[in-house]
Amino acid sequence: MSARNRELLGLIPVAGLLIAGFAAVFVVRSDEVADASLIFGAYFFAICLAAHIFLRIRLPNADPYLFPLVALLAAIGLVMLYRIDEGLARDQANWFVVGLALFMLTIIFLRDYHVLERYRYLIVVGGLTLLLLPRVPGIGSQVNGAYLGVELGPLSFQPAELGKLAIVIFLASYLREHREVLVVGAKRIAGITFPPLKHLGPMLVVWGAAMLMLVFIRDLGSSLMFFGAFLALIYTATNRVSFVIIGLAMFLVGAWFFATTVGHVGDRIDTWLDPYQDASGTGYQVLQSMFAQADGGLFGRGIGESLLWAPGAKETVENTLIPAVETDFIYALIVNELGLFGGCGVITIYALIAARGFKIASLARDGFSKLLAAGLTAVFALQAFVIIGGVIRVIPLTGVTLPLISYGGSSVIANMVLVALLLLISDRARRPEPEAPR
Amino acid sequence: MNVPIRRLLAVALVLFALLVGFTSQWSVFDAAELEAKVDNKRPLFEAQQIKRGKITAADGQVIANSRKEGDDESFQYVRQYPTGSLFAHPIGYSFITQGTSGFERAENATLTGEENEFVSIIDQIRGQRREGSDIVTTLDASAQQLATDQLQATGRPGAVVAIEPSTGAVKVMASTPSFDPNRVPEDLDEFNDADPSVLTNRAIQELYPPGSTFKVVTAAAALDSGAATPDTVLSGASPQTFSGVPLSNAGGEPFGDIDMRTALTHSVNTYFAQLGEMVGTETLLEYMDRFGFGKDPEVQLPDEQKAASGVFVIDDKRGGFKQVDEGFDLARVAIGQGGEEGEVRASVTQMAEVAATVANGGELMKPTLIEKVIDPDGRVTDELDPEVQSEVMSDETAAALAEMMTSVTVEGTAAGLSVPGAESFAGKTGTAEINIEQDIAQPWFIAFAPVEDPQIAVAVTTDPCAGCFGGEVAGPIATAVMSEILGG
């Protein structure tokens with residue numbers, strides 16, 4: 001069976017799942033299955049089909065499993081958002097249309113994505129500017145102590161979402177060029193290979209950028225996500241574990257330093273270690289998340305059947321028992337309503353996407369493609385890990401979105417572009433007759 | 001570069017496995033612990049969304065029901081008590097913040113439809129919300145109303161309990177002053193501070209010296225153990241010395257050598273003091289035990305809202321109330337009083353059980369408030385099935401006692417009373433001395449009717465008053481309540 005036929009086959013169950021999910025919410029709400037669930041399902045399937053036909057024409061050899069997996073996450077997100085608030089699901093569906101448009105534009109205009117290498121410095125400056133935008137007075141906005149949002153009039157977006165793409169593109173390009181230099185002249189001390197000191201320069205620069213994020217953006221999670229992606233890339237480029245060890249050590253020392261000197265970073269860590277010490281204050285959010293998960297159990301309460309609002313409370317998105325349930329804490333609601341099985345299902349989808357992404361990287365034929373695919377996959381997987389980990393208290397709570405499930409336009413758009421880049425790399429790698437070397 | 005890429009995937013899988021591990025910790029392994037946390041308000045919120053069953057009187061009059069507020073997901077049920085304070089004492093209240101009391105608390109599992117894990121999973125699959133069962137009580141609304149009105153008319157706190165002797169069905173449980181359970185969410189503090197207490201169920205939570213009504217217990221022990229017969233003759237002279245202290249009859253009235261029938265009819269203290277000593281401590285306690293003394297009445301109310309009757313050493317200074325089984329002045333305990341070494345205290349429910357036992361041929365039926373339980377699908381899942389709590393005395397003893405108690409109402413201390421609707425009735429007055437100098441006494445009356453085929457047994461008391469006699473204060477309330485229940 002051809003790759004594209006496999007993709008089409010994969011999309012059918014996704015549409016079915018979406019229809020079933022919407023139907024479940026309808027049943028709980030009004031004890032009847034309205035046509036709307038079918039309309040929603042058909043609409044979603046139509047959009048996916050359009051994207052699929054587009055891929056059939058433009059990228060016939062690309063990985064067949066990636067897009068159905070992405071659609072699956074989107075379907076889960078839409079169902080959960082619909083369960084929270086109908087308006088949110090409608091907005092999110094519209095963002096998906098926009099996201100798919102950018103997905104197609106990326107594939108059309110970056111058919112040869114190697115052009116990105118040429119503009120890498122422009123891209124990295126743009127990326128860093130994006131990251132620091134939330135601290136610009138007047139347009140930056142603070143959520144839960146972290147500076148992750150920008151508000152321009154009625155429009156608000158999270159620049160870190162697009163920033164991560166820029167940083168990964170830059171690093172992939174930079175390391176492709178300098179990887180040999182980093183490996184040459186290494187010394188072995190106590191069985192570990194250490195690079196020469198002068199080549200630690202770029203590492204220090206990126207470490208500095210991560211620390212800057214910690215202090216300026218005040219979000220340990222996004223800082224961890226960027227630095228983790230960097231370590232993944234430098235490890236892929238050099239195959240030297242020593243870089244990773246040195247990098248992690250530097251990060252931990254830096255994080256520890258800022259945790260003890262910068263109050264809000266320390267507070268986050270104290271709350272993580274013992275949320276009960278201020279159960280109605282700083283510990284409130286993560287405790288509500290844990291209580292919701294405990295309520296879910298093995299199989300969950302069922303879609304639409306968990307206690308989302310306190311009895312007598314006004315049913316608004318701001319008023320939910322789980323705070324920020326449509327963005328940061330959507331995973332807690334998934335476990336509440338779909339149980340441990342639902343939660344594991346979502347994690348498995350992310351793991352499968354990671355597997356496909358790294359597969360694409362290993363199939364890629366040139367260094368930049370390999371590094372770009374590995375970096376994009378790493379940053380995507382890390383983002384999922386960092387936010388789910390924060391919600392379930394594996395790490396301190398952070399303010400990034402759950403990719404493709406959380407509500408939010410910037411996240412949807414950035415991740416659709418990310419997927420487009422992976423598919424571009426995949427198509428080139430799997431083409432039966434390789435092009436002549438550039 | 002493919003080796004590091006494979007290793008990266010391995011690292012990613014380890015990280016995702018960590019997420020699975022923590023998710024299972026919160027959602028499954030630590031779930032019970034998390035649900036029990038004080039900071040976790042979810043169980044409380046969920047209780048607000050369960051439709052509690054309706055509680056009705058025997059005639060269907062609604063005592064408690066739940067009103068749904070809000071149509072959306074954040075709906076809640078709020079408890080309502082259409083009869084206000086009338087049934088507040090046996091039924092109690094149930095509110096999320098203020099808690100649950102009385103019958104509402106004792107029958108919480110039935111009223112909230114508590115189920116085992118298996119049934120609740122089935123219900124979840126069927127998409128059914130948990131819903132409580134309705135309970136039809138044995139309570140007689142009009143008799144309860146009458147009892148409450150009559151108690152209020154005395155101007156003093158008091159209580160009435162009426163039980164159907166053959167089934168143990170509690171028809172009346174009235175206690176005044178009462179409170180309106182609808183006002184609990186706003187006024188619980190006010191209720192807590194009220195003096196005299198409005199939250200105390202005087203029918204079962206409070207113990208009083210039973211006075212001469214206790215002579216029925218002494219007589220039962222004497223007759224049934226064989227220590228005496230109705231014809232046993234003893235001196236009714238007054239005063240006579242017991243434990244070195246003179247004991248007088250009511251009003252100091254002397255009697256000659258009399259039998260037990262005459263002694264009970266006229267409530268002769270000196271006769272029963274001697275009878276008590278003839279019976280002995282051990283036998284008297286044995287019969288008290290059979291009547292239910294020494295443990296909480298078995299009716300469906302919370303343990304902390306019931307009191308066990310018995311013989312107590314009362315230490316007023318420390319507020320101590322210690323049950324004793326020896327060393328007390330047997331002669332004075334036998335007439336429902338006592339001394340420093342121990343005195344009898346009984347709840348109104350306990351004394352109603354004494355009357356009901358005599359009425360039921362010596363068998364004490366387990367008292368109950370539940371006529372039937374109806375599940376949300378309309379099926380009757382439980383129905384009053386009369387249960388013998390204990391075999392107190394033989395049929396013959398009970399018949400002899402009944403005959404003597406009838407004499408009380410014909411020619412004795414309750415001669416002026418009658419029960420419209422019953423040809424005859426049996427009773428025993430009680431006037432427990434609280435303060436001899438000021439002539440303050442606790443008035444009591446226990447009775448059952450009709451004598452030939454007893455349908456109802458009753459016990460009444462009110463707080464002590466000066467110059468009060470059981471036959472005058474408590475008697476008329478008892479006869480009125482019995483008459484109401486008998487449809488007279």
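A single member of A:PHE341, A:PHE358 is of a type outside the set (Asp, Glu) and surrounded by fewer than 21 Cβ atoms within 10 Å (Cβ to Cβ), and it is A:PHE341. The one condition from (1) under 24 Å from A:THR398 (Cα atoms); (2) buried (at least 22 other Cβ atoms within 10 Å of the Cβ); (3) facing chain B (nearest Cβ under 10 Å) that A:ASP328 does not meet is (3).
Return the residue satisfying two criteria in turn: it lies in segment B:38-59 and is modelled with pLDDT of 90 or more and touching a helix residue (DSSP H, G or I) at 6+ places or on another chain (Cβ under 7 Å), and of such residues it is farthest from B:GLN76 (Cα to Cα). Out of the qualifying residues, it is B:ASP59.
Check whether at least one residue in segment A:92-111 is touching a residue at least 12 places away in the same chain (Cβ under 8 Å), of a type outside the set (A, V, I, L, M) and surrounded by fewer than 16 Cβ atoms within 10 Å (Cβ to Cβ), and report yes or no. Among the residues of segment A:92-111, at least one is touching a residue at least 12 places away in the same chain (Cβ under 8 Å), of a type outside the set (A, V, I, L, M) and surrounded by fewer than 16 Cβ atoms within 10 Å (Cβ to Cβ), which makes the answer yes. Does B:GLU363 qualify as being under 25 Å from B:ASP395 (Cβ atoms) and at pLDDT 95 or above? Here the answer is yes, as B:GLU363 does meet what is asked. Condition check: surrounded by fewer than 17 Cβ atoms within 10 Å (Cβ to Cβ), within 17 Å of B:GLY362 (Cβ to Cβ) and not basic (Lys, Arg). Does B:GLU452 satisfy that? Criteria met by B:GLU452. In segment A:225-237, the residues that are closer than 18 Å to A:MET213 by Cβ reach residues that are surrounded by 24 or more Cβ atoms within 10 Å (Cβ to Cβ) and of a type in the set (Lys, Arg) with C-beta atoms within less than 8 angstrom, at least six apart or across chains, in these pairs: A:MET225/A:LYS164; A:PHE226/A:LYS164; A:ALA229/A:LYS164.
Applying the condition of being among the aliphatic types (A, V, I, L, M), more than 7 Å from every other protein chain (Cβ to nearest Cβ) and within 30 Å of A:GLU180 (Cα to Cα) to segment B:1-52 and asking which residue is surrounded by the most Cβ atoms within 10 Å (Cβ to Cβ) yields B:VAL11. For B:LYS428, the conditions (1) surrounded by fewer than 24 Cβ atoms within 10 Å (Cβ to Cβ); (2) in contact with a helix residue (DSSP H, G or I) (Cβ under 6 Å, 6 or more places away or on another chain); (3) of a type outside the set (S, T, N, Q) are fulfilled apart from (1). Screening B:SER212 on (1) crowded, with 21+ Cβ neighbours inside 10 Å; (2) over 26 Å from B:SER394 (Cα atoms); (3) in contact (Cβ under 8 Å) with a residue 60 or more places away in the chain; (4) touching a strand residue (DSSP E or B) at 6+ places or on another chain (Cβ under 7 Å) shows it passes everything except condition (2).
Residues in segment A:261-300 that are more than 8 Å from chain B (Cβ to nearest Cβ), in contact with a Leu (Cβ under 9 Å, 6 or more places away or on another chain) and in a loop (DSSP other than H, G, I, E, B): A:VAL262, A:PHE299, A:GLY300. Among residues of segment A:375-399 being at the interface with chain B (Cβ under 9 Å from one of its Cβ atoms) and within 14 Å of the chain's Cα centre (by Cα), the one that is surrounded by the fewest Cβ atoms within 10 Å (Cβ to Cβ) is A:GLY389. From the list A:LEU321, A:LEU352, the lone residue that is in a loop (DSSP other than H, G, I, E, B) and either of a type in the set (Gly, Ala, Ser) or more than 7 Å from chain B (Cβ to nearest Cβ) (or both) is A:LEU321.
Selection of segment B:176-197 for residues being touching a helix residue (DSSP H, G or I) at 6+ places or on another chain (Cβ under 6 Å) and at pLDDT below 95 yields only B:THR176. Scanning segment A:266-281 for residues that are surrounded by fewer than 21 Cβ atoms within 10 Å (Cβ to Cβ) and of a type outside the set (A, V, I, L, M) returns A:GLY266, A:ASP267, A:ASP270, A:TRP272, A:ASP274, A:TYR276, A:GLN277, A:ASP278, A:SER280, A:GLY281. Those strands (runs of 3 or more DSSP E) of segment B:371-486 in which 3 or more residues are under 26 Å from B:ASN269 (Cα atoms) and of a type in the set (S, T, N, Q) occupy B:426-435.
Can you tell me which residues in segment B:80-99 are more than 21 Å from B:THR200 (Cβ to Cβ) and in contact (Cβ under 8 Å) with a residue 24 or more places away in the chain? Correct list: B:GLN80, B:ILE96, B:THR97. Segment A:61-162 holds helices (runs of 4 or more DSSP H) entirely within its bounds, and those carrying 1 or more residues that are under 21 Å from A:ILE330 (Cβ atoms) map to A:66-84, A:86-109. Scanning segment A:227-241 for residues that are among the hydrophobic types (A, V, I, L, M, F, W, C) and either within 14 Å of chain B (Cβ to nearest Cβ) or surrounded by fewer than 24 Cβ atoms within 10 Å (Cβ to Cβ) (or both) yields A:ALA229, A:PHE230, A:LEU231, A:ALA232, A:LEU233, A:ILE234, A:ALA237, A:VAL241. Taking the stated definitions as given, is A:LEU307 within 7 Å of chain B (Cβ to nearest Cβ), under 21 Å from B:SER74 (Cα atoms) and in contact with a Leu (Cβ under 7 Å, 6 or more places away or on another chain)? Taking the combined requirement at face value, the residue satisfies it. Could you check, for segment A:397-417, whether at least one of its residues is free of Cβ contacts under 8 Å to residues at least 24 places away in the same chain and either part of a helix (DSSP H, G or I) or not aliphatic (A, V, I, L, M) (or both)? Checked segment A:397-417: no residue is free of Cβ contacts under 8 Å to residues at least 24 places away in the same chain and either part of a helix (DSSP H, G or I) or not aliphatic (A, V, I, L, M) (or both).
The values are calculated or read from the model by the stated rules, or taken from the named source; none is laboratory data. A quick note: this is a predicted structure, and the numbers were derived from the prediction, not measured. No Cβ is skipped: glycine too gets one built from the backbone with ideal geometry, and neighbour counts run over all protein chains shown.
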